[in-house]
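To keep things clear, I will list the structure first and then write my remarks on it.
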Amino acid sequence: MNTPVKENCCNTLRRRFHPFLVLILVSFINPVCTQSFNFISWNIKDFGQSRSDQEIHDIAHLLRNADLIAIQEVVAKHPGGAQAVARLTEELRRMGAEWDYRVSDPTKSPSPYISERYAYIWKPSKVKLIGRPRLLNEVDDLVHREPYVAKFRVGVHEFFLLNYHSRTHDVKESEEIEVKAISDWVIAQGLENNFIWAGDFNLRETHPAFLKILTSGFEALVQGQPTTLKSACRNGEYHSLAEDNVYIISKALKCESVNVIDFIGPENCEDVRWKRNSISDHLPICIKFNYGKD
């Protein structure tokens, strides 16, 4: 997550011109300067009122260098889930930056036991929310947890972000039903738009359910890297399945780097049992995006 600062056209201007001229020039040039931002998608296991202050701090420490965060599996059965997001946002603020957040309504799930909320947290200095996020009720009859859709802007570029946690796939072909329904909605919006579809898909990117969006121009940014944790360290191995991902389609939005943030590490393999309970059984995905000229 500690990415070295790179030279850009705006930084160069600051060194070579009088500050007053820089102010004028940047106001014209800034729209075509590359705008970069760090995006994290993370299923934070059972994120709700049971989280201690120390756990909130540890989670914030992993997220602090992001500019935009999409969280899945926020508890919906009681207000503690939304309150945990507020506590996390406040802890991030204490680490030195301003943050804003939105939490979804509970998903319209077949059972209250599988209903969840989603959350977005972002730095207003880098990312602007456009309008009001909403649950995608157009597909709620076909999915167990409808995605949480928002529109954001970085620099002069806008993009749609879908935050999604799929059903567990214990019914044959259930994965095709959900992914196909959401894929159809995205494609109907027009693929000339910029889309990021992130979350816990409970499927790896090679599954046939993704064929339609991948042949439509989407790209899977995580390629087979495990993002879930085993319940115990076995022979030095603690990674499990490749189920979380970020899919994008955009002419202007470019992926600069992909990093699955491994908060265990091989040297701490034996810690996996308690860390998957105190932090999460999923690893966060961090994508560094940049925008240049269209």
ask   = For the stretch 139-162 and the stretch 186-247, what is the separation of their Cα centres, given in Å?
value = 16
query = How long are the three semi-axes of the equivalent ellipsoid for the stretch 241-294, computed from the Cα gyration tensor as the root of 5 times each eigenvalue, in whole Å, largest first?
reply = 31, 11, 8
request  = Over the stretch 62-104, consider all pairs of different Cα atoms and compute the Kirkwood hydrodynamic radius from their mean reciprocal separation; express it in Å, one decimal.
outcome  = 11.1
request  = Quick one: net charge around A66, please, counting Lys, Arg +1 and Asp, Glu -1 for every other residue with C-beta under 11 Å from its C-beta.
outcome  = +3
key: Taking the chain and dividing mean pair separation by its residue count, relative contact order in percent (alpha carbons under 8 Å, at least six apart)   = 19
query = Taking R0 as 22 Å, what's the FRET efficiency between E270 and L241 from their Cβ-Cβ distance, rounded to 0.05?
reply = 0.60
note = Computed over the Cα atoms of the stretch 152-221, the Rg and Dmax in Å are 12.8, 44
task = Kindly express, to the nearest 10 degrees and within the range 0 to 90, the angle between helix 53-63's C-alpha long axis and the longest C-alpha principal axis of the chain.
result = 50
task = Return, ordered by residue number, the residues of the stretch 88-110 whose backbone nitrogen is under 15 Å from a label point located 7 Å along Cα→Cβ of D140.
result = 104-110
ask   = Taking the Cα-to-Cβ direction at K128 and at R93 and moving 7 Å from each Cα, how far apart do the two end points lie in nm?
value = 2.2
remark   = Log10 I(q)/I(0) at q = 0.09, 0.11, 0.14, 0.19 Å⁻¹ for the stretch 75-196, from Debye over equal alpha-carbon scatterers, is -0.29, -0.43, -0.68, -1.10
ask   = Listed here are the pairs K151/K212; K126/K230; K254/K275; K230/K251; which of them are more than 31 Å apart at the Cα?
value = K126/K230; K254/K275; K230/K251
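Stretched out fully, how many nm does the piece from L211 to N193 gain, at 0.36 nm a residue minus the Cα gap? Provide the component values of the computation, followed by the final result.
On the way: separation 18, 0.36 × 18 = 6.48 nm, distance 1.95 nm.
Computed gain between L211 and N193 is 4.5 nm.
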query = Over the stretch 79-135, what is the relative contact order in whole percent, taking alpha-carbon pairs under 8 Å and six or more residues apart?
reply = 33
ask   = If we sort 233-244, 56-67, 280-291 on the protection proxy, mean other Cβ atoms within 10 Å, highest first, what's the order?
value = 280-291, 56-67, 233-244
query = Pairing the Cα long axis of helix 80-94 with the longest principal axis of the chain, what angle in degrees results, from 0 to 90 and rounded to the nearest 10?
reply = 30
note = Stokes-Einstein D for the stretch 34-140 (25 °C, 0.890 mPa s, Kirkwood Rh from Cα pairs), in µm²/s, comes to 171
inquiry  = To test your reading of the geometry: what angle, between 0 and 90 degrees and rounded to tens, separates the Cα axis of helix 174-188 from the longest principal axis of the chain?
reply    = 30
inquiry  = Within the stretch 67-102, name every residue whose backbone N is under 12 Å away from a label modeled 7 Å from Cα of Q49 along the Cβ vector.
reply    = 76-84
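Can you give me the relative contact order of the stretch 184-274 as a percent, contacts being Cα pairs under 8 Å and 6 or more apart? Intermediate results must be reported in sequence, preceding the final value.
Values: 125 pairs, mean separation 32.6, N = 91.
Value for the stretch 184-274: 36 percent.
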ask   = How high is the FRET efficiency from D184 to H78, r the C-beta distance, R0 30 Å, rounded to 0.05?
value = 0.35
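Taking R0 as 41 Å, what FRET efficiency do you get between Y113 and V156 from their Cβ-Cβ distance, rounded to the nearest 0.05? Please report the intermediate quantities before stating the final value.
Working: r = 44 Å, r/R0 = 1.07.
FRET efficiency, Y113 to V156: 0.40.
Here, each number is a calculation from the coordinates, and none is a lab measurement. Small disclaimer: the values here were computed from a predicted structure and weren't measured. Quick reminder, even Gly has a Cβ in these numbers, built from the backbone with ideal geometry, and neighbours come from all protein chains shown.
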